[in-house]
1. Only one residue in 494, 443, 489, 447 is modelled with pLDDT of 90 or more and surrounded by 16 or more Cβ atoms within 10 Å (Cβ to Cβ). Which one?
2. Can you list residue pairs whose Cβ atoms sit under 8 Å apart, with the first residue in segment 285-314 being over 29 Å from residue 176 (Cβ atoms) and in contact (Cβ under 8 Å) with a residue 24 or more places away in the chain and the second being among the polar types (S, T, N, Q) and open to solvent by less than 40 Å² (accessible area, probe 1.4 Å)? Count only pairs 6 or more apart in sequence or on different chains.
3. Return the residues of segment 307-340 that are open to solvent by 50 Å² or more (accessible area, probe 1.4 Å), part of a strand (DSSP E or B) and at pLDDT below 85; say none if nothing qualifies.
4. For segment 1-66, please list each of the helices (runs of 4 or more DSSP H) lying entirely inside it that holds at least 3 residues being modelled with pLDDT of 90 or more and under 20 Å from residue 90 (Cβ atoms).
5. Just to be sure before I move on: is residue 530 at pLDDT 90 or above, in a strand (DSSP E or B) and surrounded by fewer than 17 Cβ atoms within 10 Å (Cβ to Cβ) in the structure I sent?
6. Of everything in segment 409-452, what is of a type in the set (A, V, I, L, M, F, W, C), without any contact (Cβ under 8 Å) to a residue 60 or more places away in the chain and assigned to a strand (DSSP E or B)? Give them in sequence order.
7. If you check 511, 516, which single one turns out to be modelled with pLDDT of 90 or more, within 24 Å of residue 617 (Cα to Cα) and among the hydroxyl-bearing types (Ser, Thr, Tyr)?
8. When you scan segment 75-89, do you find a residue that is touching a residue at least 60 places away in the same chain (Cβ under 8 Å), open to solvent by 30 Å² or more (accessible area, probe 1.4 Å) and closer than 25 Å to residue 301 by Cα, even just one?
Amino acid sequence: MRRGLTVFLLLLLSLAVGVGSTAAQENFGLTAADIARISQSVVYIEAYTEGSNDIGIGSGTIVDPSGIIYTNHHVIEGADQYLVYVTRDVGELPEPIGFASLVQDFRDVDFAILQIDRDPDGNPIPVGSLNLPSLQDAARETTLGERIWVFGYPGVGDGYLVVTQGSITSVENANLFDQRVPAWYRTDAEISPGNSGGLVVNGLGQFLGIPTMVRSEERTLGRLGGVLPFIAVETVLTAFESGIVSATSAELVIQNNANENICYLYISPVTSSSWGNDQLGERVLEAGDSLRFPLEPGDYDISMRDCDNEELAQVRSQSITDTVTLTYPLGDTSPSIVAQSLSIEITNIEYDVAVDEGGETGVRVYTHIKAIGYRDQEIVAGVFYYNADGTPVSCENMSREYCSPQDGITVQAVLTPSFDDTEWEEYWFWVPYSGFPDGLNGTVDFTVQGNVGPNDNSTLNNPSILEPFSVDFGSSSGGPSTTNAQDFTIEITTMEFDTTGDYSSAQGIRTYTDFTVTGAEGVPVRVALFFYYEDGSLVECDPTFDDYYCGNNGELTVQEIVTPNFPSSQWTDYWMHVPYQAFPKGLTGTIPVRVRALIDRDGASGFNHRSDFYNFELYY
């Protein structure tokens, strides 16, 4: 099958060339003509088994005029006949255009490819003879808050094409075939049964992903759905073509060694949004019996249930690449329970940001949130604001929902991870300047801290490090300032290894930066580097070498002072050096490390301006 799929992979790569900028998309929206044109590429699918009266429905998208369709795996699961309909005119019921055959499906990412190859009467159609409307422009990326349009045939639409609007509310990353990519988008656009497999586009009409129902719709009141990103589809097809994913089925064997029957069995890919269908059907797995289930290679969750559909045992993140046997009761063959961990890291702070165009401005705090082992379990993430002396910043000007138990300002959100290993990058929290206490004048120093925990009313106990920042509230009559007189930017451009420095002649690493300082002529400015492990914790220094490279809490850092001579000063290729001997001893192997550059006026309570992370590796 791999040779045949090459055509579809090349098609996919040609689709993915369009990457529209967020700014451009904000200025455009879909017109009625755009919606009418795109609608002709979105199909209604009836999936059934010949001789059965059970018909499943779903949606799909024609991505090539020859009749290639992208849809969800669960739309076609358990069926062998796929009748495809298309809407010729918006407002009319769809008309059948032919039957399709399954080209390939990837259960572990809930994705499938169909090819129309017969007319509505079942007569063969020569491949390539069709010339159907299709969508051939795709986007690899999105941003939080980006407007989207969802096309599909939900059951609530009575068979008509339905188009809904919304925005991207979160981006969840996961490992797909050793690549860290966006594997799930959350949206507040309405996604209902029947929408699955359809089409999500951005404001430029580009293919952004495939709408997919969430597992627990009642928890989200039917308003928060999921989207399988186009980039995830691209990743799995590329892996398939390169041989990383095999077309050969793996196999799961369930052995019942208990004295009770197993009547329901669910086998769900870890990246799937639903448990799918019961795999036993009318069968019962009695004591001493075993059954075999062919699967696509991948990672799966397995749920064994009794005849009342009550769970007997659950196995999480089982890797199945060949034949795997699981016994009930779970014995030595069962995987370990997935370890649970939560973390949050503050990655950036922006000032003078308005959530709504023309609205009031405030401070936006960006975070990086990780949740391992919390699939489909609600968590709470938030940020908490403190004065320079460590006391909470009073929430007197905020509504009670933004007040901590200590009456300090906090902004929190409830999130539901869709995978066993889920990340939210650049998840932000915003506080308006008007929310800070009255009576603040001049430049006031604060700190902000992220925290995350299960949504079980317990105290959040996974805090980030405290990040300092400052706000210029102007004069007593001016109130909170919406502009900052001083502005700093900094970025890391490259690193050079096995070099010496000015302070130390020992071999080490030079980190090159570009930075600008505006509005601080003659004011000393501090520039620094801090180093982090992959989990976000700070790398320690080795004080036995030279405490010049040690921060106040024993972290590895190098800091220097510069003084701007102009109202707007710029430094290019400014480098700072850290000897290898300043890194901690006792580590072994290859250690992934990240470095970040920070800058602010000397004497501030911390650094309010920082670069993105720059990744490198240490070899011990």
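1. On the way: 494 fails: surrounded by 16 or more Cβ atoms within 10 Å (Cβ to Cβ); 443 fails: modelled with pLDDT of 90 or more; 489 fails: surrounded by 16 or more Cβ atoms within 10 Å (Cβ to Cβ).
Testing whether each residue is modelled with pLDDT of 90 or more and surrounded by 16 or more Cβ atoms within 10 Å (Cβ to Cβ) leaves just 447.
2. 285/256; 286/256; 287/256; 288/256; 289/256; 290/256
3. 319, 323, 325
4. Numbers: elements: 2-15, 22-26, 32-39.
Output list reads 32-39.
5. Details: at pLDDT 90 or above: yes; in a strand (DSSP E or B): yes; surrounded by fewer than 17 Cβ atoms within 10 Å (Cβ to Cβ): no.
Taking the combined requirement at face value, the residue does not satisfy it.
6. Within segment 409-452, 409, 411, 413, 414, 444 meet the criteria.
7. On the way: 516 fails: within 24 Å of residue 617 (Cα to Cα).
Answer to the selection: 511.
8. yes
The values are calculated or read from the model by the stated rules, or taken from the named source; none is laboratory data. Only a predicted model underlies this, so the values are computations on that prediction, with no experimental measurement involved. Cβ sites come from the backbone with ideal geometry, for glycine too, and all protein chains shown count toward neighbours. Only protein heavy atoms, including side chains, enter the accessible area calculation; ligands, DNA and RNA are left aside. Shrake-Rupley method; radii C 1.70, N 1.55, O 1.52, S 1.80 Å.
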